[in-house]
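First up is the structure itself, then whatever we jot down about it.
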């Protein structure tokens, strides 16, 4: 039976963009067949069965779970990336150049605030390589020369949505970015 699909649900449009870019780079010549469904509670990337065959693993983040592994023809599978599921740490890819996912700097964020104080964010860089990265915090500030397997701290003055970009200091075309949302009440 034909006509199945894999759908990847996300909880924010910022995350939808990053996941869509990863999927489009994975789809290569079948980019035009990938869809976006915004009719339900959560926006979804829709990968039709015809695209899945023969493409290989689809990792939304380096070292992540292959979201098309074990797909059975004719089935409809939904991967829930909401609230930090498979897409946590998904980094943006330029769909025109599709740099190697293996080389892209990646990171994870932890954030906290105490009773109205500014938000303190810790970025843990996970690039599995020697050298440094530059971090653009998305609020017109940056930190240069962070170790590629290190951490960096940043304080935001309040809530908002910020896109953090991690760029390899020696190869600026290798970058990763993701959006964080700091709520009004933590």
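From most to least packed by mean Cβ count within 10 Å, the peptides 17-24, 6-13, 65-72 give 17-24, 6-13, 65-72. In this simple spin-label model, placing a label point 7 Å from the Cα along the Cα-to-Cβ direction at both residue 28 and residue 65 gives a separation of 2.6 nm. Scoring 33-39, 159-165 by mean Cβ neighbours within 10 Å over their residues and listing the highest first yields 159-165, 33-39.
Please report the antiparallel percentage of the DSSP beta bridges confined to the stretch 5-80, to the nearest 5. Walk me through the intermediate numbers first.
Numbers: 9 of 14 bridges.
So the antiparallel bridges in the stretch 5-80 amount to around 65 percent.
Every number here is computed from the coordinates shown, using simple stated rules; none is lab data. Treat the numbers as computed from the prediction; the structure is a model and nothing was measured. Ideal geometry is used to build each Cβ from the backbone, glycine not excepted, and the neighbour counts take in all protein chains shown.
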